[in-house]
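S.K.: Here it is, the structure in full.
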Amino acid sequence: MTVRVVKVKRAEKLTFLERLYVPMIVLGLVTTARHFFKNLGGYVRGKPTTFVVQYPEERVDFPDAFRGMPVLVQLDNGQPRCVACGLCEFACPTDCITIVPGELHGAGIERYPEAFQIDMSRCMFCGLCEEACPEEAIVMSRQVELASFDRDAMIFDKEKLLVPEALLKRRLDFLRAEYDRAHAPSPKSEA
């Protein structure tokens, strides 16, 4: 990669017009006008040169690595995949995740989250909770439009966070390809 070195002339005296910044203002207006007329000409010809999305009728398809709000993966039986290990809670730099673990007796999963809350007004969508989760139970969705007039409405509980696994397939496939892990642990071959 080539690097261009720009030497700043600090000892040089500015002229009266340069001290008024008039040439720079004119240069900025010329650049703005050039872009305006270039884009206007594209619309007149029917070949726009700008990228425009008619929101909310049209939506931008975000790349697979996009991180929206964190959600819980819901199993087919309606329960979260979460085992309440608390790793996402410890990994969160803003402490916006709260988990209350509960014990299950006689089930395949020993623990489950009795309460799982995320304060979306504090969440910064960093994805550290997703990376810390060993069960792929919390993933970053594609939803970013969060608005409320009340601060308490921004606290999402377990029921609001549950999203069926089929709706999160694209993100889960990306994670599995990224971390090179299979959906289920492979059985050890007895040889």
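The values are calculated or read from the model by the stated rules, or taken from the named source; none is laboratory data. This one's a predicted model, so the numbers in the text were calculated from it and none came from an experiment. We place every Cβ from the backbone using ideal geometry, glycine too, and count neighbours over all the protein chains shown. These area figures cover heavy atoms from the full protein model, side chains too; ligands, DNA and RNA do not enter into them. Shrake-Rupley method; radii C 1.70, N 1.55, O 1.52, S 1.80 Å.
S.K.: Enter the accessible area of I138 (Å², nearest 10), with the probe set to 1.4 Å and all protein chains included.
M.R.: 10 Å²
S.K.: Kirkwood Rh over Cα pairs of the range 4-101 into Stokes-Einstein at 10 °C, 1.306 mPa s: D in µm²/s? Please list the in-between numbers first.
M.R.: Working: Rh = 21.0 Å.
D = 76 µm²/s.
S.K.: Next question. May I ask you to derive the FRET efficiency for T50 and V144 from their Cβ-Cβ distance with R0 = 22 Å, giving the value to the nearest 0.05?
M.R.: Details: r = 22 Å, r/R0 = 1.02.
Efficiency, rounded to the nearest 0.05: 0.50.
S.K.: Roughly how much of F156 is accessible, in Å² to the nearest 10, using a 1.4 Å probe?
M.R.: The accessible area comes out at roughly 30 Å².
S.K.: Compute the acute angle (0 to 90°) between the alpha-carbon long axis of helix 169-179 and the principal axis of greatest extent of the alpha-carbon atoms of the chain; round to the nearest 10°.
M.R.: Helix 169-179 sits at roughly 90 degrees to that axis.
S.K.: Additional query: Working with all protein chains in place, sort K47, K7, K158 by solvent-accessible area computed with a 1.4 Å probe, largest first.
M.R.: So the residues, ranked largest to smallest area, are K7, K47, K158.
S.K.: Also, quick follow-up: Separation between the R59 and E159 pseudo-spin-labels, each 7 Å from Cα along Cα→Cβ, expressed in nm?
M.R.: 2.4 nm
S.K.: Can you tell me the dipole magnitude for the range 1-143 around its Cα centre, using point charges on the Cβ only (Lys, Arg +1; Asp, Glu -1), in Debye to the nearest 20? Provide the component values of the computation, followed by the final result.
M.R.: On the way: 16 positive and 17 negative charges, 389 e Å.
With only Lys, Arg, Asp and Glu charged at Cβ, the dipole is about 1860 debye.
S.K.: So, one more: With the chain treated as a Gaussian network of Cα nodes joined by springs under 10 Å, which of T31, T15, T49 yields the largest mean-square fluctuation?
M.R.: T15
S.K.: Keeping all protein chains in position, work out how much accessible area Y21 exposes to a 1.4 Å probe, and write it in Å² to the nearest 10.
M.R.: So the heavy atoms of Y21 present about 140 Å² to solvent.
S.K.: Considering all projection directions equally, how large on average is the shadow of the alpha-carbon convex hull of the range 58-123, in square nanometres? Walk me through the intermediate numbers first.
M.R.: Numbers: hull surface 25.8 nm².
Taking a quarter of the hull surface, the average projection is 6.4 nm².
S.K.: Let me ask something else about it. Given a 1.4 angstrom probe, what's the average accessible area per residue across the chain, in square angstrom?
M.R.: Details: 14430 Å² over 191 residues.
Per residue, the chain has 76 Å² of solvent-accessible surface.
S.K.: Quick one: give the max-minus-min coordinate of the C-alpha atoms of the chain along each principal axis, largest first, in Å.
M.R.: Per principal axis, max minus min of the Cα coordinates gives 84, 54, 48 Å.
S.K.: Run the accessible area of the chain with a 1.4 Å probe and give the carbon-and-sulfur part as a rounded percent. Each step should come with its number before you reach the end.
M.R.: On the way: 8420 of 14430 Å².
Here it works out to 58 percent.
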